[in-house]
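The values are calculated or read from the model by the stated rules, or taken from the named source; none is laboratory data. The structure displayed is predicted, hence computed values, not measured ones. Note that each Cβ is placed from the backbone with ideal geometry, even for glycine, and that neighbours are counted across all protein chains shown. To get the accessible areas, we keep the full protein, side chains included, count just its heavy atoms, and leave off ligands, DNA and RNA. Shrake-Rupley method; radii C 1.70, N 1.55, O 1.52, S 1.80 Å.
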Amino acid sequence: TQAMSDSPNNTNFNQPIRDEQTLRAKGGDPNHEDPKRRPTDPVGLSRSILHVLEKHEYVKVLSVGPTAMTSVMSAFRLAAREIEGLTHSSVLVARQSEYTAEINNKPTKGICTRIFAIPIKFAQ
(Lines give C-alpha, C1' and ligand atoms only; values in the text may rest on other atoms or scores of the structure.)
Protein backbone atom coordinates (compact mmCIF):
# COMPACT_ATOMS: atom_id res chain seq x y z
CA THR A 1 0.00 0.00 0.00
CA GLN A 2 1.02 3.55 -0.55
CA ALA A 3 -0.09 6.79 1.03
CA MET A 4 -2.30 8.86 -1.23
CA SER A 5 -4.24 12.12 -1.53
CA ASP A 6 -5.27 14.78 0.95
CA SER A 7 -8.69 14.77 -0.71
CA PRO A 8 -10.19 11.76 -2.40
CA ASN A 9 -12.26 13.98 -4.71
CA ASN A 10 -9.60 14.20 -7.39
CA THR A 11 -6.63 11.90 -6.93
CA ASN A 12 -3.75 11.16 -9.28
CA PHE A 13 -2.80 7.56 -8.49
CA ASN A 14 0.60 8.10 -10.12
CA GLN A 15 1.57 10.75 -7.54
CA PRO A 16 2.30 9.72 -3.94
CA ILE A 17 1.20 12.16 -1.25
CA ARG A 18 1.95 12.61 2.40
CA ASP A 19 -1.25 11.79 4.27
CA GLU A 20 -0.64 9.04 6.81
CA GLN A 21 -4.38 8.37 7.20
CA THR A 22 -4.83 7.49 3.52
CA LEU A 23 -3.84 4.19 1.97
CA ARG A 24 -4.11 3.05 -1.63
CA ALA A 25 -5.13 -0.38 -2.88
CA LYS A 26 -4.16 -1.32 -6.40
CA GLY A 27 -5.51 -3.88 -8.79
CA GLY A 28 -3.53 -6.01 -11.18
CA ASP A 29 -2.82 -9.57 -12.16
CA PRO A 30 -1.98 -11.78 -9.14
CA ASN A 31 0.15 -14.00 -11.40
CA HIS A 32 2.22 -11.22 -12.98
CA GLU A 33 6.00 -11.76 -12.96
CA ASP A 34 6.62 -8.23 -11.70
CA PRO A 35 5.53 -7.94 -8.03
CA LYS A 36 4.81 -4.21 -8.58
CA ARG A 37 2.06 -5.17 -11.03
CA ARG A 38 0.27 -7.52 -8.62
CA PRO A 39 -2.78 -6.43 -6.61
CA THR A 40 -2.50 -5.18 -3.05
CA ASP A 41 -2.12 -8.00 -0.53
CA PRO A 42 -5.17 -7.96 1.79
CA VAL A 43 -3.15 -9.24 4.77
CA GLY A 44 -0.61 -6.44 4.47
CA LEU A 45 -3.37 -3.89 3.90
CA SER A 46 -5.24 -5.09 7.01
CA ARG A 47 -2.07 -4.59 9.06
CA SER A 48 -1.69 -1.10 7.62
CA ILE A 49 -5.32 -0.31 8.48
CA LEU A 50 -4.78 -1.37 12.10
CA HIS A 51 -1.52 0.58 12.27
CA VAL A 52 -3.22 3.79 11.10
CA LEU A 53 -6.14 3.24 13.49
CA GLU A 54 -3.71 3.06 16.41
CA LYS A 55 -2.90 6.75 15.82
CA HIS A 56 -6.00 8.17 14.12
CA GLU A 57 -9.77 7.95 14.48
CA TYR A 58 -10.20 6.66 10.91
CA VAL A 59 -8.34 5.48 7.83
CA LYS A 60 -9.19 6.12 4.16
CA VAL A 61 -8.44 3.43 1.58
CA LEU A 62 -8.59 4.53 -2.06
CA SER A 63 -9.21 1.94 -4.76
CA VAL A 64 -10.02 1.82 -8.46
CA GLY A 65 -11.48 -1.29 -10.08
CA PRO A 66 -12.96 -4.56 -8.87
CA THR A 67 -9.64 -6.27 -8.04
CA ALA A 68 -8.53 -3.42 -5.78
CA MET A 69 -11.98 -3.23 -4.19
CA THR A 70 -11.87 -6.96 -3.43
CA SER A 71 -8.52 -6.47 -1.68
CA VAL A 72 -9.94 -3.59 0.38
CA MET A 73 -12.98 -5.55 1.53
CA SER A 74 -10.89 -8.63 2.35
CA ALA A 75 -8.50 -6.44 4.34
CA PHE A 76 -11.44 -4.81 6.14
CA ARG A 77 -12.79 -8.22 7.21
CA LEU A 78 -9.33 -9.36 8.39
CA ALA A 79 -8.76 -6.14 10.35
CA ALA A 80 -12.27 -6.33 11.84
CA ARG A 81 -11.66 -9.86 13.11
CA GLU A 82 -8.30 -8.82 14.54
CA ILE A 83 -9.58 -5.73 16.37
CA GLU A 84 -12.62 -7.57 17.75
CA GLY A 85 -10.34 -10.34 19.00
CA LEU A 86 -7.96 -7.89 20.65
CA THR A 87 -10.39 -5.51 22.29
CA HIS A 88 -13.74 -7.31 22.67
CA SER A 89 -15.15 -3.80 23.01
CA SER A 90 -14.62 -2.27 19.55
CA VAL A 91 -15.77 -3.06 16.04
CA LEU A 92 -14.81 -1.68 12.65
CA VAL A 93 -17.34 0.04 10.45
CA ALA A 94 -16.89 1.26 6.88
CA ARG A 95 -18.42 4.04 4.80
CA GLN A 96 -17.82 4.30 1.09
CA SER A 97 -18.02 7.18 -1.35
CA GLU A 98 -17.16 7.61 -4.99
CA TYR A 99 -14.41 9.96 -6.15
CA THR A 100 -12.64 10.87 -9.39
CA ALA A 101 -9.15 9.45 -9.73
CA GLU A 102 -6.60 10.03 -12.46
CA ILE A 103 -4.75 7.00 -13.79
CA ASN A 104 -2.29 7.45 -16.67
CA ASN A 105 -3.64 10.99 -17.22
CA LYS A 106 -7.21 9.71 -17.66
CA PRO A 107 -10.07 10.41 -15.23
CA THR A 108 -11.80 7.37 -13.77
CA LYS A 109 -14.11 6.59 -10.86
CA GLY A 110 -12.74 5.17 -7.63
CA ILE A 111 -14.10 4.16 -4.25
CA CYS A 112 -12.94 5.81 -1.02
CA THR A 113 -13.52 3.45 1.92
CA ARG A 114 -13.36 5.15 5.32
CA ILE A 115 -12.86 2.72 8.19
CA PHE A 116 -13.59 3.64 11.82
CA ALA A 117 -13.16 1.71 15.07
CA ILE A 118 -16.17 2.34 17.31
CA PRO A 119 -17.24 1.01 20.70
CA ILE A 120 -19.33 -2.12 20.26
CA LYS A 121 -22.21 -0.64 22.29
CA PHE A 122 -22.79 1.89 19.46
CA ALA A 123 -22.77 -0.80 16.77
CA GLN A 124 -25.68 -2.84 18.09
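Ranked highest first by average number of other Cβ atoms within 10 Å, how do 89-95, 22-28 line up? Can you show the working numbers first?
Details: 89-95: 15.9, 22-28: 22.4.
Packing proxy ranking, top to bottom: 22-28, 89-95.
Hey, can you find the accessible area per residue of the stretch 25-124 for me, probe 1.4 Å, expressed in square angstrom? Don't skip to the answer; put the middle values down first.
Values: 6150 Å² over 100 residues.
Per-residue accessible area for the stretch 25-124 comes out at 62 Å².
At a Förster radius of 35 Å, what calculated FRET efficiency corresponds to the Cβ-Cβ distance of residue 106 and residue 81, to the nearest 0.05?
On the way: r = 37 Å, r/R0 = 1.05.
FRET efficiency, residue 106 to residue 81: 0.45.
Determine, from the Cβ-Cβ distance of residue 95 and residue 51 and an R0 of 22 Å, the FRET efficiency 1/(1 + (r/R0)^6), rounded to the nearest 0.05. Intermediate values should be presented prior to the final figure.
Values: r = 20 Å, r/R0 = 0.91.
After rounding to 0.05, the efficiency reads 0.65.
Return the distance in nm (one decimal) between the two label points of a simple spin-label model at residue 88 and residue 122, each offset 7 Å from Cα along Cα→Cβ.
2.2
Straight-line reach from residue 26: which lysines fall under 21 Å, measuring Cα to Cα and dropping same-chain residues less than 8 apart?
36, 60, 106, 109
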